[in-house]
Amino acid sequence: MVVLANAYAAAQGTAEVTTLHIFGMGVELVGFQGGIIVALLMGVVTAKLDIFFEKKVPEVIRLLVSPLLTTLVGALLLFTIIGPAGRGLSSGITNGLVWMTQNLGVFGYAVFSGLQQLVVITGLHHIFGAIEAQLLADTGRNFINPLMSVAIIAQGGAVLGYLLMHRDNTKTRELCIPSFISVLFGITEPALFGINLRYRFPIIGGCIGGALGGMVVYFTNLAAVGFGTTVLPGIALADPAGNGYVNYVIAHGVAICGGFIMTLVLGKFMDKTPAEASGTQGADAGVQEGTNVQADINAETGAQAAGQEEVFYGYAKGRLIKMEEVSDATFASKLLGDGVAVLPKEGKVYAPADGTVVSVFDTKHAVGFLTSCGTELFIHIGVDTVNLKGKYFTAHVGNGDTVKKGQLLIEFDKENIEKAGYDTVIPMIFTNFPPEKTLELSAPGEMNLDAPAAIVKGRA
């Protein structure tokens, strides 16, 4: 059994790397810990391979052979082409940043501290440890440590900027506050992946703040006498020469303020996050990949006030049944939320109210919906129909489309789906239902597009 060498240890020269020869090529068996670029490239390649083999392999052996070929060819490409190319690209970015700090003066410092957190996304920031150790051995001072530290705190400033913009949103507060606390101790992954990258403009604001902090590091000749800790604990490593401790505080103050202010400024033009979709565990693979539509709704979205009533009309022609009668246990147990279901007479699904399409699945068997009053819906066509991979489904709307009640959303071939062995029941689920609202479901019976399927009321 061959064990892959740890990528971080290999980068620092502390692990022995085994070389395997494939078709005459020497392939180093090194893992891809933290290799986001490699992961992204492999995701694209694997998806393409899966589509290719699904088309080329005969249907009688497709279920067994297609995944096997996708895995085999994908693994071969990973170790021979994609892995080395992705690692080389990431290493080139890292080494280029270090070269700029040593040769381009204040510009190099600004670029390094401005882009360093993007290197964290690739996972190759661990290489900096070996570079810092060499700097200390050669010069006794480590200028990279404070540059990384201001880059980190600037992302924290971006988090605070986003928090201020959405301070009335409970979910935002729950996400931003712990992320900022982690930043204070040098850990930015929660802030980067939970907020800044997620909403795009905060990462830009943080990078600009980091660049401003890096300029202060250059002009004050700030450096550290060690490595390994940053931000609050990192002040203990600051070189005290030339008012080092004071300069450390100033550089971090400039960085956090820069990230904070630039996020507010950019948010005026780029903040487009009133609602979003994210995944949860559900009835089938499609549900597991993102069926639970979770919208960030605050007071400005027109959320339903107490006493108001919102009617949800028939979204499919057929017989309305209780959610408990759906054959799938996840729906029947209301694990995803309460709602109703329709046994359809035809293969069409309509909008039950005015609102916005939050997400249409690639397989087109499900759609997330947010009404104009802020109520979240999830409509799922059939049970386990994600396995059809979009076959027999046609979407008439796309992500972000504004629709009116009764507008056609999805069309599907009911007869062929049932012939393939799938239940075509259509649950409509009210997800993340807030406590200030109540849900009244219509009694089972015949359903048409003009009949109410459910009524949402604000609590008095």
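The values are calculated or read from the model by the stated rules, or taken from the named source; none is laboratory data. What you are looking at is a predicted structure, and each value in this text was computed from that prediction instead of being measured. Virtual Cβ from ideal backbone geometry, glycine too; neighbours counted across all protein chains shown. The area values use the complete protein model at the heavy-atom level, side chains included, leaving out ligands, DNA and RNA. Shrake-Rupley method; radii C 1.70, N 1.55, O 1.52, S 1.80 Å.
Quick notes
- Cut-off under 5 Å, modelled amide H: who pairs with Gly382 long-range: Val425, Ile426
- Rounded to whole numbers, the Karplus 3J(HN,Hα) couplings from phi for region 220-226 are 9, 6, 6, 8, 10, 9, x Hz, using 6.51 cos²θ - 1.76 cosθ + 1.60 with θ = phi - 60°, and x at Gly and Pro.
- In order through region 370-387: 3J(HN,Hα) via Karplus (6.51 cos²θ - 1.76 cosθ + 1.60), integer Hz, x for Gly, Pro: 10, 6, 5, 9, x, 8, 9, 10, 9, 10, 10, 8, x, 10, 6, 6, 4, 5
- Couplings 3J(HN,Hα) for region 38-45, derived from phi with the Karplus relation 6.51 cos²θ - 1.76 cosθ + 1.60 (θ = phi - 60°), are 4, 4, 5, 4, 5, x, 5, 5 Hz, where x marks Gly and Pro.
- Cα gyration tensor of region 128-211 - equivalent ellipsoid semi-axes, whole Å, descending: 30, 11, 9
- Gain on full extension, evaluated as 0.36 nm per residue between Leu449 and Leu89 minus their Cα-Cα distance, stands at 124.1 nm.
- Highest average packing first - 318-328, 64-74, 361-371, Cβ atoms within 10 Å: 361-371, 318-328, 64-74
- FRET efficiency for the pair Gln407 and Gln102, taken as 1/(1 + (r/R0)^6) with r the Cβ-Cβ distance and R0 = 56 Å, rounds to 0.40.
- With N counted as the residues of region 350-460, its alpha-carbon radius of gyration over 2.2 N^0.38 Å works out to 1.10.
- For the listed residue pairs Lys56/Lys391; Lys317/Lys405; Lys55/Lys414; Lys404/Lys437; Lys348/Lys414, the alpha carbons are over 19 angstrom apart in Lys55/Lys414; Lys404/Lys437.
- Exposure rank, largest accessible area first [His252, His380; 1.4 Å]: His252, His380
- Cα gyration tensor of region 155-261 - equivalent ellipsoid semi-axes, whole Å, descending: 27, 14, 10
- Backbone amide hydrogens, once placed in the peptide plane, bring Thr431 within less than 5 Å of Glu376, Leu377, Phe378, excluding anything fewer than 5 places away on its chain.
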